Amino acid sequence: MTDLTALRAEVRALLDEWRTAGRFTPQCDAWLRGNDPQFSKAVAARGWIGMTWPRPLGGSEESNRARLVVTEELLRAGAPVAAHWMGDRQIGPAILRYGSAELQQTYLPRIAAGDVTFCLGMSETESGSDLASVRTTATAVDGGFRITGRKIWTSQAHTASHIYVLARTDRAADKHAGLTEFVVDMSSVGVEVRPIFDLRGQHHFNEVTFDDVFVRADQVLGAVGQGWAQVTEQLAFERGGMERLLSTYPLLAECVRAAASHEHYADIGSAVAQLATMRRLALQVATALDAGSAPVQLAATLKDLGTTFEGEVNELGRRVLAVEPDPGADGVAELLAGGILAAPGFTIRGGTTEVLRTIIARTAGEVGRARAGSAEIEEMADDVLAGRGGEPPATGRPAIWPTLAELGWPGVGMAESRGGSGGSLADLVTLVRATGRHAVSTPLAETAWAHRLVGRAGTGAATVVVSDRLSATDGGLSGEVSRVPWARSVDRFVVVVDGSVHEVPADAAGITVTPGENLAGEPRDTVRFDVVAVGPPVAAVDADQALAEGALLRVAQLVGAAEAALAYSAAHAGTREQFGRPLIKFQAVGSLLAQMVGQVTLARAALAGAITGDSPPVDHVAAAFAVAGPAATFAARAAHQLHGAMGITREHPLHLSTRRLWSWRDEFGGDRAWARRLGRRLAGLGEDDLWDWLTATGANGDEA
Ligand SMILES: Cc1cc2nc3c(=O)[nH]c(=O)nc-3n(C[C@H](O)[C@H](O)[C@H](O)COP(=O)(O)OP(=O)(O)OC[C@H]3O[C@@H](n4cnc5c(N)ncnc54)[C@H](O)[C@@H]3O)c2cc1C
């Protein structure tokens, strides 16, 4: 396997060389509008076009993950890659999947060499979102086909050597059936290109007219009549790449550099956390492609989330950069102008947001039910927890606690030699997430957290108190801390004060617990320590790291509860009828469900991103909270909207999820505080370090 760190460095070296020589200036949306065939040739010379393809066909048999490293570095730099982008991303892979051996031999090596460049002839004036309605016809003639019709919005048709054309070969068949894909030489007699200028007055797309253009039979891509099935698979390549996230990255990097206030930090932290999380989704798409599948739904979700994000970066730029957009200027004013004028296209090209959401909504039930951890542990957790959710007990411990304790759940993630049950942090997260999904309130997360701080698993239930309101002197521990989970019903407190971890029995003299609760009715008590005698510290810990350990488990609960809210909503929308049909058949309902799918997918990926090894990095937990909090907010709002009046009753179980979502998002300081702390840290980094942080996960092929 290629050393991806070395590969990344090589790409950077090429970019540095070109930038330093003044051969390109970074711009927003460069992958569609920055066309420099010489640059594409330089990329080709290093083997970075068609790099996943077989060697005999011009490739280097690299993984899609390696390709992701190359593409994200090119996009980061805003480099002029448009000449080779479509052939490398989409048409090459389509030829590889469906093309005849001859077509493969003819085109793939030349695409990889940067000699053949492609544009995409799909859309027509009357066929936009309804792509299957294309009217361009290809009529069978001796030796091939004659194509007549008009394609529009064809990016780079004025520079490409070839065009991919979706055309109708059978008018009689149902509209999805009679379609065929072709490869057409742009220099063929009868092909004419008319420029179209965009909002900025730039020329990157075109109208392409085909007037009785002869195409040899061997230029059919795949099978005649199979165009629709083939093109829909292609969309996984088209929609799931980093270019759906990074079109405005040069602007985002400037925002991070310029951030100078608390409000900016929170906005920056939130934006970068989202970007890092979406990148994980792009890695999942790349991994699925490597496995030979076509992750159409995940790619659609990524494109919806990513292109919305790209547009939001402009608004961030307006808040943080405090410059007026100026297309004639240099630097940030130009980047902002470019971002604003390009943004309307982000959520249209490659399938509009509305159409993508229709595709995504169909899978809402599946996504709500999907499990993310080890299948065996997920199944076991579901068996134990199913039907055990409900209101937390007003006093004492929940009835299920002895079962969980007996099963050793609070000791999962801790070695048996330390009194634990073995397993990994990821396994513990899976169990805690499952309690969130089943609305089972227990001190599991708190007890496991306490074990981790102490460094060994104890018996009974525990909770953790980390607060700067406490002081420990020779006389004892003093201070008052509010909102302590489960304080009234635990056996001991694990207290972190001045970097030291102390274990304090819950019945120690000088402790007073005053009950309180969160929106979900879970115990959140006030604990007063009145010169409580404590023994020597049992461990030393950084307070931030200590908090992060607990916050990670709360994110796991949030994700579980959001999954449950989605599952309820998908089931409800699929069965409840109004106006004579299930709610899901209404597009507004489907769109809301699809957005829930996006947020739950994002929150899951953010959680996964924070589980690195055995000790979650504080920044990644911050990112996970910063993403999961807003996802929880969205999921709760959407779930209630979708359920109508019956969702706001105590009879319907939805409230067991949503009341928890509303509570947990504000615990551990809340999502905004985590976003702020991440933003403050990132703002102090240079762009190189920011980028390294963003791309650390999965960069070298580790788990996505
Ligand atoms: C910058 C840019 C580059 C492009 N490059 C190419 C290219 O290289 N090759 C190519 O073939 N095409 C290209 N396109 C075209 C692009 O694929 C289409 O614009 C897109 O598929 C939408 O079609 P349309 O513009 O006709 O909009 P329409 O389909 O007319 O949609 C207009 C609005 O109605 C909504 N709408 C339509 N149908 C539905 C529905 N069933 N349910 C809900 N809402 C609906 C849409 O979401 C949108 O909001 C490009 C577009 C842009 C903006």
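Could you name the lysines whose alpha carbon sits less than 26 Å from that of K151, not counting residues in the same chain fewer than 8 places away?
K175, K303
Just report the Cα centroid separation between the stretch 625-674 and the stretch 263-304, whole Å.
Between the Cα centres of the stretch 625-674 and the stretch 263-304 lies a distance of 23 Å.
Enumerate the residues in the stretch 255-281 having an amide nitrogen under 20 Å from the point lying 7 Å beyond the Cα of R319 toward its Cβ.
Within reach of a label on R319, which here means backbone N under 20 Å from a point 7 Å along Cα→Cβ, the stretch 255-281 contributes 255-278.
For the chain, what is the relative contact order in percent, using Cα pairs closer than 8 Å and at least 6 residues apart in sequence? Before the final figure, lay out the partial values.
On the way: 1456 pairs, mean separation 83.5, N = 704.
Over the chain, the number comes to 12 percent.
Relative to the longest principal axis of the chain, what angle (0 to 90°, nearest 10) does the C-alpha long axis of helix 101-112 take?
Compared with the principal axis, the helix lies near 70 degrees.
Grab the beta carbon distance between T473 and T403, set R0 = 45 Å, and tell me the FRET efficiency rounded to 0.05.
Numbers: r = 41 Å, r/R0 = 0.91.
Efficiency computed from Cβ-Cβ geometry: 0.65.
Report the extension gain between E517 and D185 in nm, rounded to one decimal, defined as 0.36 nm multiplied by the number of residues separating them, less their alpha carbon distance.
112.5 nm
Once the dipole of the chain is set up with Lys and Arg at +1 and Asp and Glu at -1 on Cβ about the Cα centre, which of T575, P398, L14 lies farthest towards its positive end?
It is T575, whose Cα lies furthest towards the positive end.
With the radius of gyration and the Kirkwood radius both derived from the Cα set of the chain, what is their ratio Rg to Rh? Walk me through the numbers on the way to the answer.
Numbers: Rg = 28.0 Å, Rh = 27.3 Å.
That ratio equals 1.03.
If you fit an axis through the alpha-carbon atoms of helix 227-239 and take the longest principal axis of the Cα set of the chain, what angle between them do you get, 0 to 90°, nearest 10?
In the chain, helix 227-239 runs at an angle near 50 degrees to the longest axis.
A21 to S293: FRET efficiency via 1/(1 + (r/R0)^6), r the Cβ-Cβ distance, R0 35 Å, to the nearest 0.05? Walk me through the intermediate numbers first.
On the way: r = 41 Å, r/R0 = 1.18.
Efficiency, from the Cβ-Cβ distance: 0.25.
In degrees from 0 to 90, rounded to the nearest 10, what is the angle of the helix 654-664 Cα long axis to the longest principal axis of the chain?
Result, in degrees: 80.
In nm, give the distance between the simple-model label positions of D689 and T459, each being 7 Å from the Cα along the Cα-to-Cβ direction.
About 4.9 nm, to one decimal.
Using a Debye calculation, one point per C-alpha and no hydration shell, please list log10 I(q)/I(0) for the stretch 352-482 at q = 0.09 Å⁻¹ in order.
Values returned for q = 0.09 Å⁻¹ are -0.38.
Cut-off under 15 Å on the C-alpha distance; same-chain residues fewer than 8 positions from K41 excluded. Which aspartates and glutamates are left, in chain and number order?
E17, D88, D115
Work from the charge dipole of the chain (Cβ charges, +1 for Lys and Arg, -1 for Asp and Glu, about the Cα centre) and give the residue of S489, H655, L444 farthest towards its positive end.
Towards the positive end, the residue furthest out is H655.
In whole Å, what is the distance between the alpha-carbon centres of the stretch 517-570 and the stretch 144-198?
About 58 Å separates the Cα centre of the stretch 517-570 from the one of the stretch 144-198.
Can you compute the helix-only [θ] at 222 nm over the chain? Use -39500 (n - 2.57) per DSSP H run of at least 4 residues, normalise by all residues, nearest 500 deg cm²/dmol.
When only DSSP H runs of four or more count, the value is -15500 deg cm²/dmol.
Could you work out the Kirkwood radius for the stretch 646-695, taking every pair of different alpha carbons, averaging 1/r and inverting it, reported in Å? If you can, show how the numbers build up before the last one.
Details: mean 1/r = 0.0734 Å⁻¹.
Every distinct Cα pair counted, the radius reaches 13.6 Å.
Report the Cα centroid-to-centroid distance between the stretch 335-372 and the stretch 438-501 in angstrom, as an integer.
Each part's Cα centre sits 43 Å from the other's.
If packing is taken as the average number of other Cβ atoms within 10 Å across a peptide's residues, how do 505-516, 74-85 rank, most packed first? Present the calculation step by step, with values, prior to reporting the outcome.
Working: 505-516: 13.7, 74-85: 25.3.
My ranking of the peptides, most packed first, is 74-85, 505-516.
Multiplying the sequence separation of D330 and F214 by 0.36 nm and subtracting their Cα-Cα distance, what value in nm do you get?
Additional length available on full extension: 37.1 nm.
Read-outs: derived from the displayed coordinates by stated rules, not from any lab. No experiment lies behind these values; they were computed from the predicted model shown. Note: ideal-geometry Cβ built from the backbone for every residue, glycine included; neighbour counts use all protein chains shown.
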